[in-house]
1. With respect to Gly88, is the statement that it is at pLDDT 90 or above and either over 21 Å from Ile21 (Cα atoms) or part of a helix (DSSP H, G or I) (or both) true?
2. Which ones in region 25-48 are in a helix (DSSP H, G or I), under 23 Å from the mean Cα position of the chain (by Cα) and polar (S, T, N, Q)?
3. For region 53-69, which positions are open to solvent by 60 Å² or more (accessible area, probe 1.4 Å) and either within 16 Å of Val16 (Cβ to Cβ) or among the β-branched types (Val, Ile, Thr) (or both)?
4. If you scan region 41-64, which residues turn out to be under 24 Å from Val26 (Cα atoms) and aliphatic (A, V, I, L, M)?
5. Suppose the filter is in a helix (DSSP H, G or I), open to solvent by less than 60 Å² (accessible area, probe 1.4 Å) and closer than 15 Å to Val15 by Cα; does Leu72 pass it?
6. Can you find a residue that is closer than 19 Å to Arg3 by Cα and open to solvent by 70 Å² or more (accessible area, probe 1.4 Å) anywhere in region 35-52?
7. If I ask for residues that are closer than 12 Å to Leu9 by Cα, open to solvent by 30 Å² or more (accessible area, probe 1.4 Å) and either at pLDDT 95 or above or out of contact with any Phe, Trp or Tyr (no Cβ under 9 Å at 6 or more places or on another chain) (or both), which ones from region 75-84 would you list?
8. Could you check region 1-45 and list, in sequence order, the residues that are of a type in the set (Gly, Ala, Ser) and out of contact with any helix residue (DSSP H, G or I) (no Cβ under 6 Å at 6 or more places or on another chain)?
Amino acid sequence: MWRGVVVALAALALVVGGISIGWIAVLGTAAGMAVTGAVVSFAWVQEPRRRWRAMSDLALWFGIGAVLMLGLPVAFGPWALFLLIAIGVTCPPLLDLAVRELRQRRPVASTGTVHRLEAGDLERRWVRTSRELRDRRGDVQAVLALVQERERLLDEIERRDPAAFDAVLVRAGWREPQDR
């Protein structure tokens, strides 16, 4: 939906900008910005397989951005600034990043909460905190909170089923299977 709205606004901006500013100016600026986007991504992305995809994507978005910047102020006047900000804020990759950050910052499960989780949820949360630990290596307070939560989770898993506790550690890769 977001891309559809951006394409519609870009088409409107292209037509309005072409009529008011001039087609050569709008298309020339968009082409110049597209080349700039391609050059920036060529210099930025080192992996050859990803480079061409990044070049085409960034060239497209730089060109569309130029068309929006030229045509929207003519079409919407002072409201164009708010429209451009809304387009940027509602960009799906930015929203995904914000949601990921909010999920990582949610409060750590307290001891009372751990006791209420079901066995499968306990194990899934413990595996998820393993990934979170890898992601937060530099944030000492977050790492400490995760380690304390993992301690509570493991204690609860062991308390509920001591026989299966070793199997949980093996599945998580923390311990080798024991020969019996």
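The values are calculated or read from the model by the stated rules, or taken from the named source; none is laboratory data. All values reported here derive from a predicted model rather than from experimental measurement. Here the Cβ positions follow ideal geometry from the backbone for every residue, glycine too, while neighbour counts run over all protein chains shown. The area values use the complete protein model at the heavy-atom level, side chains included, leaving out ligands, DNA and RNA. Shrake-Rupley method; radii C 1.70, N 1.55, O 1.52, S 1.80 Å.
1. Judged against the criteria, Gly88 is not a match.
2. Matches in region 25-48: Ser41 only.
3. Met69
4. Within region 41-64, Ala54, Met55, Leu58, Ala59, Leu60, Ile64 meet the criteria.
5. Numbers: in a helix (DSSP H, G or I): yes; open to solvent by less than 60 Å² (accessible area, probe 1.4 Å): yes; closer than 15 Å to Val15 by Cα: yes.
Spelling it out, Leu72 is indeed in a helix (DSSP H, G or I), open to solvent by less than 60 Å² (accessible area, probe 1.4 Å) and closer than 15 Å to Val15 by Cα.
6. If we filter region 35-52 for residues that are closer than 19 Å to Arg3 by Cα, which is where we start, we get 37.
Next, only the ones that are open to solvent by 70 Å² or more (accessible area, probe 1.4 Å) stay: none.
No.
7. Ala75, Leu84
8. Here is the first cut: in region 1-45, the residues of a type in the set (Gly, Ala, Ser) are 4, 8, 10-11, 13, 17-18, 20, 22, 25, 28, 30-32, 34, 37-38, 41, 43.
Correct list: Gly4, Ala8, Ala11, Gly22, Ala25, Gly28, Ala31, Gly32, Ala43.
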